[in-house]
Structures are given as structure tokens and as C-alpha cells.
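Novice: First, the structure itself, so that you have it in front of you.
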Amino acid sequence: MYNKNMNKQDQRIQLVASSEFRQEVDKWRRNQTDIPSHSESIRRLVKIALRLEKGETMKMITAIIRPHKYNDVRDSLITIGIEGLSATEIKGFGRQRGQTEIYRGAEYKTTEVPKIKIELVVPTEKVEEVVDLISKTSETGKVGDGKIFITDVDRAIRIRTGETQEDAL
């Protein structure tokens, strides 16, 4: 039924799907906290698929770096327009399996080495620039310089305003 007062968001699309498809959608919907209806879950899934097809995803970059390199990395990220990141003091080990230190004249071995974990979400088109910048700024050329991990981000929401995706960054 067509109503002249309907705007484009009020138009209906009929979908015929198998019961397995419906079950998959319902399973996905149960894992979401903010989707009130079955129709809204299908709308959201279609939007996600269209963004992915266009390559409009965001990426989370997680970098584990030496603590003394953090200020340099942060400052250089700010110069290229990164407006936010999270940094956490962590301890861990990689191939070096810790380090030997001297405390009050006694030598002892530590298993975990202090590091800084930086996490930031960027549009896909900025990933290579950010990764190159972090790599160059944090590199010392020695074992233990760190690692960078890149993962997909499906959605981002700014809590205060409700802005989503790249607007939320």
C-alpha cells in the first residue's frame, strides 16, 4: 500500500528467506544490545554488508611499544590528525623472554618486560599511514621494539552524542 506522505525510510521491502536464514539473523540479533526489532536487525545487517562491499570499514590498530617511545608516537599521531587513542601500561614478553636487570648490586632476571599498548580506530584509508608512522617512530632496531596488530571494526558509537561510524571517531 502506497501513502503519499511516506518518506524513503518508510518504504517497505519484502524479503522471502529460509528458516535457517531467519535463525541466523535472530542469533545475531540476540547478541546486539540496541536492536529492538527483527526489521531493524535486517536493516543493520544490510548496511554493514553495503559498507563492507564499498570498503568503508574502520580498523583498530593495536601497537605494543617501548614505554620511552610513547610520547614520540603520540605526538606524531597528533600531527597527522589522529584525534584520540587509548594507552595502557602493560607487561609481557616475546622472543626475548624477559630481561636481566641489576637492583642494589644484585643481578636478577625479569620474565615480563614493561610496555605500552596503544589502541586507536581509524578509517581504512588511513591505516597504512598510521602503521608506517608508528613503526618508524617507535623503532630502535633492537629486539623488543614491539608489535602492531590490525583488526576490523564493524561499528563505532560515541556515547555522548550517539554519532556512529567515522563520525564517532
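The values are calculated or read from the model by the stated rules, or taken from the named source; none is laboratory data. All figures in this text were calculated on a predicted structure; none of them were measured in a lab. FYI the Cβ positions are ideal-geometry reconstructions off the backbone, even for glycines, and counts take in every protein chain you see.
Novice: Taking the options L120, L77, name whichever one is part of a helix (DSSP H, G or I), modelled with pLDDT of 90 or more and more than 29 Å from L15 (Cβ to Cβ).
Specialist: L77
Novice: (1) surrounded by 13 or more Cβ atoms within 10 Å (Cβ to Cβ); (2) more than 25 Å from Q32 (Cα to Cα): which one isn't true of Q165, the others all being true?
Specialist: Q165 satisfies every listed condition except (2).
Novice: Picking from E24, E20, E89, which residue would you name as being outside the structural domain of V122 (by TED's automatic domain parsing) and either at pLDDT 90 or above or aromatic (F, W, Y) (or both)?
Specialist: Result: E20 is the single residue among E24, E20, E89 that is outside the structural domain of V122 (by TED's automatic domain parsing) and either at pLDDT 90 or above or aromatic (F, W, Y) (or both).
Novice: If you don't mind, another one. Kindly indicate the residue of region 37-68 that is among the aliphatic types (A, V, I, L, M) and within 27 Å of I90 (Cβ to Cβ) and also surrounded by the fewest Cβ atoms within 10 Å (Cβ to Cβ) among those meeting that condition.
Specialist: M60
Novice: Filter region 150-169 down to the residues that are part of a helix (DSSP H, G or I) and either in the same structural domain as N71 (by TED's automatic domain parsing) or on the phi > 0 side of the Ramachandran plot (or both) and list them by number.
Specialist: If the condition is that a residue be part of a helix (DSSP H, G or I) and either in the same structural domain as N71 (by TED's automatic domain parsing) or on the phi > 0 side of the Ramachandran plot (or both), then Q165 is the only one that fits.
Novice: Something else: Restricting the first residue to region 34-51 and requiring it to be in a helix (DSSP H, G or I), which pairs with a second residue that is at pLDDT below 80 and among the basic types (K, R) meet a Cβ separation below 6 Å and a spacing of at least six or different chains?
Specialist: none
Novice: So, of the residues in region 124-149 that are surrounded by 15 or more Cβ atoms within 10 Å (Cβ to Cβ) and part of a strand (DSSP E or B), which turns out to be modelled with the lowest pLDDT?
Specialist: G146
Novice: Any residue in region 97-106 that is β-branched (V, I, T) and either touching a residue at least 12 places away in the same chain (Cβ under 8 Å) or assigned by TED's automatic domain parsing to the domain that holds D34 (or both)?
Specialist: Scanning region 97-106, I find no residue that is β-branched (V, I, T) and either touching a residue at least 12 places away in the same chain (Cβ under 8 Å) or assigned by TED's automatic domain parsing to the domain that holds D34 (or both), so the answer is no.
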